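Here is the structure we will look at.
The values are calculated or read from the model by the stated rules, or taken from the named source; none is laboratory data. Fair warning: this is a prediction, and the values are worked out from it, not measured in the lab. We place every Cβ from the backbone using ideal geometry, glycine too, and count neighbours over all the protein chains shown. All accessible areas refer to the heavy atoms of the entire protein, side chains included, with ligands and DNA or RNA removed. Shrake-Rupley method; radii C 1.70, N 1.55, O 1.52, S 1.80 Å.
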Amino acid sequence: VGLLLRFILASLSVFHDGRADRRLKKLSEIPSMEEAQQIAEAYPFRPDITAAYTTLTLQYYVSRKIVPEKEVLISIEKDLFTSLRYHYIPLLALKRYSDLFHMVSDDNRALQIMEYAAARFPSHLPTHLLVAQQYEAQGRLVEAQKFYKLCVNLDPASPELRKKLAQLYKKGGK
């Protein structure tokens, strides 16, 4: 039970904080991959545990530049959708998922789940920002502008978002 509690507390610090990248180290120190898998399998209906395990799994593959087998990818996608369906937004998992598909040059597949998350949580700024950044990285400026505009609407006081949107308009010729 102590390991489960530490795992959940670490996952909360990862998923409810905009600085998820900096907190992943804390999560990855908690259990080994085997222990994390045992915890995830023991609690299949806990979206917090599912999200934490999915993030840890994706971090494992991306950090080692390993493309998982198709069955693993299907399981990861299922877990991401489960987390999102139960109102967990595993931002770092979404980012790592995108990184994974970027490794195999399939950026559109990763964007599908990110757009689903953005549609499911229309007022969650970090999710929209992640989608905007992914579109911008792909050079799809019209889509990036759309999501940055949503970000500005969600946080109108942010000079950084306004500046970014202006830069994209300038780059896109508007």
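Quick notes
- Per residue, the solvent-accessible area of the stretch 61-172 (1.4 Å probe, heavy atoms of protein chains only, all protein chains present) comes to 54 Å².
- Cα-based shape type of the stretch 93-174, given that a ≥ b ≥ c are square roots of the gyration tensor eigenvalues and the cut on a/c is 1.5: oblate
- Prolate is the label for the stretch 29-174, because a/c, from the alpha-carbon gyration tensor with a ≥ b ≥ c as root eigenvalues, is 1.5 or above and a/b exceeds b/c.
- On the stretch 62-174, 54 percent of the accessible area sits on carbon and sulfur atoms, based on a 1.4 Å probe.
- Couplings 3J(HN,Hα) for the stretch 45-53, derived from phi with the Karplus relation 6.51 cos²θ - 1.76 cosθ + 1.60 (θ = phi - 60°), are 9, 9, x, 5, 6, 4, 5, 5, 5 Hz, where x marks Gly and Pro.
- Relative to the Cα centre, the charge distribution of the stretch 126-170, modelled as +1 at Lys and Arg Cβ and -1 at Asp and Glu Cβ, gives a dipole magnitude of about 160 debye.
- Counting only Cβ charges, +1 for Lys and Arg and -1 for Asp and Glu, the dipole size of the stretch 60-174 around its Cα centre is about 440 debye.
- Rounded, prolate or oblate (a/c below 1.5 giving rounded, otherwise prolate when a/b exceeds b/c) for the stretch 60-103 by Cα gyration tensor: oblate
- In sequence order, calculated HN-Hα J values of the stretch 153-159 (Karplus, 6.51, -1.76, 1.60; Hz; x Gly/Pro): 5, 6, 9, x, 7, 7, x
- Gain on full stretching of the segment that runs from Arg109 to Ala42 - 0.36 nm per residue minus C-alpha separation: 21.2 nm
- For the stretch 74-90, the Karplus equation 6.51 cos²θ - 1.76 cosθ + 1.60, evaluated at θ = phi - 60°, returns couplings of 4, 5, 4, 4, 4, 5, 5, 5, 4, 4, 5, 4, 9, 6, 9, 10, x Hz by residue, with Gly and Pro reported as x.
- The alpha carbon centroids of the stretch 108-174 and the stretch 65-105 are separated by 20 Å.
- Ranked from largest to smallest solvent-accessible area, with a 1.4 Å probe on the protein heavy atoms, Val104, Val142, Val131, Val72 come out as Val142, Val104, Val72, Val131.
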